[in-house]
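See structure below.
None of the figures in this text is laboratory data; all of them are computed from the coordinates on show. These figures come from a predicted structure and were not determined experimentally. Virtual Cβ from ideal backbone geometry, glycine too; neighbours counted across all protein chains shown.
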2 protein chains.
Amino acid sequence: MELSPTAYVILGLLSLGPKSGYEIKAFVDKSTRFFWAASYGQIYPELRKLSEAGLIDGEAKPAGGRRRTVYALTREGRKRLREWLAVEPDVLEMRDEGLLKLFFADATGGASAAETLAAKRRHHLEIVEQLRALEPLAAAKPERFPLLVCRYGIECNQWMADWCQRTAEELSAAEAGSKGRTA
Amino acid sequence: MELSPTAYVILGLLSLGPKSGYEIKAFVDKSTRFFWAASYGQIYPELRKLSEAGLIDGEAKPAGGRRRTVYALTREGRKRLREWLAVEPDVLEMRDEGLLKLFFADATGGASAAETLAAKRRHHLEIVEQLRALEPLAAAKPERFPLLVCRYGIECNQWMADWCQRTAEELSAAEAGSKGRTA
DNA sequence: GCATGCATGTAAGGAGTTACATGATTCA
DNA sequence: TGAATCATGTAACTCCTTACATGCATGC
């Protein structure tokens with residue numbers, strides 16, 4: 001049985017400890033979401049499939065009067081996770097509307113570029129802030145790799161934000177220069 | 001009428017000059033693909049929709065005996081493109097299986113991390129190479145922004161490749177250190 | 001009594017890929 | 001003659017998001 005990438009996100013998160021669907025979603029939003037997101041619409045059906053495949057095991061654990069199912073990796077699930085981890089990563093995709101708009105900015109004579117760069121920069125800085133808030137939480141846990149990846153996110157997004165600023169400055173300098181020559 | 005992001009990729013590419021569907025695909029593969037991909041399955045249906053909406057105009061231009069339709073932006077299409085360029089970019093998504101595998105590498109006791117980092121590094125370096133080959137082509141054109149974005153891609157992927165190497169070295173140093181202490 | 005959070009789920013649909021089908025042309 | 005390239009298109013599918021429905025519990 002072939003597993004979707006999101007199935008492995010779930011297996012991976014459960015390797016850090018048993019969780020309910022709700023907790024998985026909350027965890028994803030505070031961790032992997034920056035490089036691999038997941039929504040309820042994926043998580044709950046996937047939990048059922050993984051459970052049917054015997055890779056995870058659900059146990060009813062009501063909290064208060066609320067029904068609640070907590071899932072844990074089975075031995076087979078842990079094996080599948082480790083097998084996946086040993087295979088070379090393949091998917092590496094980006095969808096960056098800011099870069100797209102910058103790419104086509106000649107269509108506005110470059111007039112749209114400054115605002116596009118500023119918005120992209122804000123976006124990256126926002127992510128940096130969110131990750132910085134998460135960093136101490138990751139540092140407090142026994143696992144080493146989530147912290148490593150968190151720092152990658154911080155540094156990488158900071159680099160991107162800096163590039164935006166640098167480039168915006170170069171563009172406005174070039175513009176001022178050409179205006180100076182014309183005047 | 002709402003347009004999909006891919007529709008704007010097409011409008012943007014046509015702003016650089018009239019093209020057939022086939023040429024659009026080839027162009028995407030040599031330019032925007034690194035931050036926004038598109039396949040035939042999207043391009044041809046989208047060309048039809050854009051044509052019906054009056055944003056582009058198709059003209060039969062057989063090359064040799066092959067049937068061939070070349071599309072060009074209409075005035076309305078150019079307007080829509082510029083309107084889109086003036087709006088703040090929104091979508092910024094990443095799917096990085098390498099980071100995902102690194103994030104969960106504690107499940108193998110860290111044993112999988114070195115190979116994951118090496119593979120991710122190779123992947124980024126491959127992209128750097130492809131973009132470097134494209135750079136002189138972009139530089140030769142009258143438009144400024146495609147070259148800018150190409151250089152972003154080169155620098156950014158180089159940064160990511162360097163991070164992988166740096167991190168792999170740190171990990172192996174830490175491992176050697178802990179072994180030294182244990183021995 | 002009401003907003004918020006916990007908790008589980010589904011339906012509909014958007015977006016995009018892969019694989020295939022078709023057929024002409026060019027060049028070795 | 002056969003491979004590669006040009007050229008257009010579709011069907012099936014995966015993946016994922018959004019929006020909604022439901023209902024209990026907690027705390028103000």
Q | Loop trypsin sites (Lys or Arg not before Pro), the stretch B:51-122, which have at most 13 other Cβ atoms in a 10 Å radius of their Cβ (DSSP) | A | B:R67
Q) Roughly speaking, what is the centre-to-centre gap between the stretch B:1-47 and the stretch B:112-183 when only Cα atoms are used, to the nearest Å? A) 27
Q) Order of B:D29, A:D96 from fewest to most other C-beta atoms within 10 Å? A) B:D29, A:D96
Q: Take the stretch A:5-85, drop everything but the C-alpha atoms, weight them equally and run the Debye formula without solvent; then report log10 I(q)/I(0) at 0.15, 0.21, 0.22, 0.23 Å⁻¹ to two decimals.
A: -0.47, -0.93, -1.01, -1.10
Q.
Assuming 0.36 nm per residue, please report the length gained on full extension of the stretch B:S172 to B:E129 beyond their Cα-Cα distance.
A. 12.8 nm
Q. Toward the positive end of the charge dipole of the stretch B:1-141, about the Cα centre and with charges on Cβ (Lys, Arg +1; Asp, Glu -1), which of B:A133, B:A63, B:S31 goes farthest?
A. B:A63
Q.
What lysines does B:K141 reach when the alpha-carbon gap must be under 24 Å and sequence neighbours fewer than 8 apart in one chain are set aside?
A. A:K101, A:K179, B:K19, B:K25, B:K30, B:K79
Q: Distances from B:K179 to the same position in the other copies: list them in nm, one decimal, shortest first, using label points 7 Å from Cα along Cα→Cβ.
A: 6.1
Q: Compute the label-point distances linking B:L137 to its equivalents in the other copies; points lie 7 Å from Cα along Cα→Cβ; give nm, one decimal, shortest first.
A: 4.4
Q | Separation of the B:V87 and B:E155 label points, Cα + 7 Å toward Cβ, nm | A | 2.9
Q.
How would A:T167, A:T116, A:T74 line up from fewest to most surrounding beta-carbon atoms within 10 angstrom?
A. A:T74, A:T167, A:T116
Q) Which Rg and Dmax, in Å, describe the Cα atoms of the stretch A:99-146? A) 17.1, 53
Q) Label points 7 Å out from Cα along the Cβ direction at A:K30 and B:R66: separation in nm? A) 5.6
Q: Just grab the label-to-label distance for B:Y44 and A:K141, each label 7 Å out from Cα along the Cβ direction, in nm (one decimal).
A: 4.6
Q) Rg and Dmax of the protein assembly as shown over Cα atoms: what are they, in angstrom? A) 23.7, 76
Q) Among A:W36, B:W159, what is the fewest-to-most ranking by other Cβ atoms within 10 Å? A) B:W159, A:W36
Q.
Output the 0 to 90 degree angle, nearest 10, between the alpha-carbon long axis of helix A:40-52 and the longest principal axis computed from the alpha carbons of chain A.
A. 30
Q.
Distances in nm, one decimal, shortest first, from B:E155 to the same residue in every other copy, taking the label point 7 angstrom along Cα→Cβ.
A. 1.8
Q) Using only the Cα atoms of chain B, what do you get for the radius of gyration and for Dmax, in Å? A) 22.0, 76
